[in-house]
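Student: Sharing a structure here in structure tokens format.
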Amino acid sequence: MKRRLTLHFPRQAVHQPITYRLAVDFDIAAKILRAQVAPNQSGTMVVELSGDIDELDAAELWLESLGLSLDRAPGEIRIDPARCVDCGICASVCPSGALSSAQPDWRLSFDAKRCLVCEQCIPSCPLDAIALVLEPR
Ligand code: SF4
Ligand code: SF4
């Protein structure tokens, strides 16, 4: 499972080897998407974490124990209704049930509250109807 987080570092935590500890202690791969962390200053980093869901939950608790604050969904998924043809492919890859289609009309339904922003649905859409928007409305 993938999870995208924005990490806010207090000054005392900027020297922590975060990505190394995530890999060794939690078996989590951390891909840094954006970083603004200067030595001896507070900073911000956007990361995509890949790993087991229980380990991801444990890693978040560990990060918070270091004094970091976490934004768990710095972006949101948008579906373009003008492109979507309700084929349902994206719903079949969604791990959280945020995307679904069901009888009687098989229209695609998106429940943003259930979305993990894992982005698995984006490449699944043959019509490029799904996008990640980084700044929430
Ligand atoms: S990003 Fe897409 S696949 Fe992932 S949980 Fe949200 S809607 Fe489902
Ligand atoms: S895969 Fe694309 S076209 Fe198909 S239901 Fe999902 S958003 Fe719509």
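Bear in mind that the values in this text are calculations on the coordinates, not laboratory data. The shown structure was predicted, so the numbers you read here are calculated from the model rather than taken from an experiment. So basically every Cβ, Gly included, is an ideal-geometry build from the backbone, and we count neighbours across all protein chains shown.
Student: No partner Cβ under 4.7 angstrom, meaning no disulfide-compatible partner by this rule: which Cys of the chain qualify?
Tutor: 84, 87, 94, 115, 118, 125
Student: Rounded to the nearest 500 deg cm²/dmol, what is the calculated helix-only ellipticity per residue at 222 nm for the chain, with -39500 (n - 2.57) per DSSP H run of length n ≥ 4?
Tutor: Estimated from H runs of four or more residues: -5500 deg cm²/dmol.
Student: When the Cα atoms of the stretch 76-133 are enclosed in a convex hull and the volume is divided per residue, what value in Å³ results?
Tutor: Working: hull volume 4.1 nm³, N = 58.
In the stretch 76-133, the Cα hull volume divided by residue count equals 71 Å³.
Student: Once both axes come from the Cα atoms, what is the angle between helix 53-65 and the longest principal axis of the chain, in degrees from 0 to 90, rounded to 10?
Tutor: Helix 53-65 and the main axis of the chain meet at about 40 degrees.
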